[in-house]
Amino acid sequence: MLITERRTKIDFAHTVKHLVPCFPEAKTIHVVLDNLNTHKPASLYEAFPPNEARAIAKKLDFHYTPKHGSWLRRLPEKNVPDCAGFSVGFKARQQAHSRTM
């Protein structure tokens, strides 16, 4: 898991770079993100040389969430690998779901 003190484009790029090797056999990694302005493929190009940024970006397919949080209750419960901190987000969704029931 990566923890940073800020949420900069460079921090995001390094987190995404850490995510890619967690799924070595995947042709495409679908990443669900909020609409924070740093969560864009352009962040990769600010952090890494163009060839490296392009290689990372080709493996990823970004999906952006709606601006309102009601979509959280509709996520299926699946095992999420503890990679780049995503299991933490999954646990938070589980807790939010249990509070609404």
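The values are calculated or read from the model by the stated rules, or taken from the named source; none is laboratory data. Owing to the predicted nature of the structure, the values given are computational and were not obtained by experimental measurement. Virtual Cβ from ideal backbone geometry, glycine too; neighbours counted across all protein chains shown.
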Original post:
Tell me, which helices (runs of 4 or more DSSP H) lie completely within the range 1-60 with 3 or more residues that are within 12 Å of the chain's Cα centre (by Cα) and not aromatic (Phe, Trp, Tyr)?
Top reply: 9-19
**OP:** Show the residue pairs that are 6+ apart or on different chains and have beta-carbon atoms under 6 Å apart, the first residue being within the range 27-43 and over 14 Å from His14 (Cβ atoms) and surrounded by 10 or more Cβ atoms within 10 Å (Cβ to Cβ), the second being at pLDDT below 85 and aliphatic (A, V, I, L, M).
**Re:** none
